[in-house]
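FYI, it's all coordinate maths here, none of it is from the lab. None of these values were measured; they are calculated from a predicted model. So basically every Cβ, Gly included, is an ideal-geometry build from the backbone, and we count neighbours across all protein chains shown.
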Amino acid sequence: MIKKALVVALGSVLLTACGTTAIMKKSAAIQAQPEMVIKTDGDFWGLGQEGTFDIAGIYTGKYSRNASGSAWFNALETNNGEMAAEITRVDGKETWHLICSGKTQRLNIASFSFDNSKPYKCQILQNNKQVGSYEMSQASSGPIAIGIERKEIGEVSIAKKQLRVTSIHETDSTFIPLERALGYSLTKDNREVAAVQTNGMLTLQMLPELSPAERDLVAVAAIASALSWRPE
C-alpha cells in the first residue's frame, strides 16, 4: 500500500496554521539556533519510498521505506511501517544503519477507537553490531482513544548516550493540538537539546554545546523521526 503511505506523507506537509505552514513549538534556546536543512533527493520529490538525504553537508545517507495496511468493514484497521537507512558523518566517516518497523491495530466503533499498537522500533547498527536503539510508542490514554492527537513518546540511545524523544503537535500560536506531529523534540534531563521539524521543510536545530557523540545521536534520531513512515 505504497500509495496510501505517500498520501499520508503528502498530507503531513500541508498542515497549516492561519494560512501558513505550521511550525512546531520549540524552546527559546532551540529557536535561537541555526536551522540545518535535511535535504532529500528521491522519488516523488523526496516523499516517496526511497532516496538519499543530506543534513547541512555534515551527514549524508540513503533510505528505503514501506507502509501497508488493511481494513475490515471500516472497523478493524491493521497497519505496518518499515524503514532501512544508512547515515554517514562526512568528516569522521562513521556510519550507522537503521532497521525499523512498527505495527498498529485499531478497532473503530462509533466515535471511539480501541488501540492495540506495538512500539515503532529501530535497531541502530555499526559494523554489523547493534550499538543502540530508537523506540517510539503512542502516549498512554487507556485502551480507548477519544482525542485526535496522536502523541508519541520514546527514546533514542547509542552506547551510553541517551535522549528522550517526544512528538510535538502544537505551535506557538495554536491552543488545540493537531492530529499529526509537526516535529519531534529531543530532551536530556528535561531540557530540550534539539528539535526536528517534519511538517513542510525538514530541519534540525540543536544546542551548540552538545558533544560530538551527542550530535551524532541527534542526527540519527532526526533521520529515524523525519524519514520513517509510521504505521497510521
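The table below lists the values:
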| item | result |
| --- | --- |
| Peptide ranges 220-228, 87-95, 31-39 listed from the most packed, as the mean C-beta count within 10 angstrom indicates | 220-228, 31-39, 87-95 |
| Long pairs among Lys93/Lys118; Lys39/Lys160; Lys26/Lys62; Lys62/Lys161, criterion Cα-Cα beyond 32 Å | Lys93/Lys118 |
| Mean Cβ count within 10 Å, highest first, over the residues of peptides 158-165, 117-124 | 117-124, 158-165 |
| Linear extension gain, Ile176 paired with Lys129, 0.36 nm per residue minus alpha-carbon span | 12.6 nm |
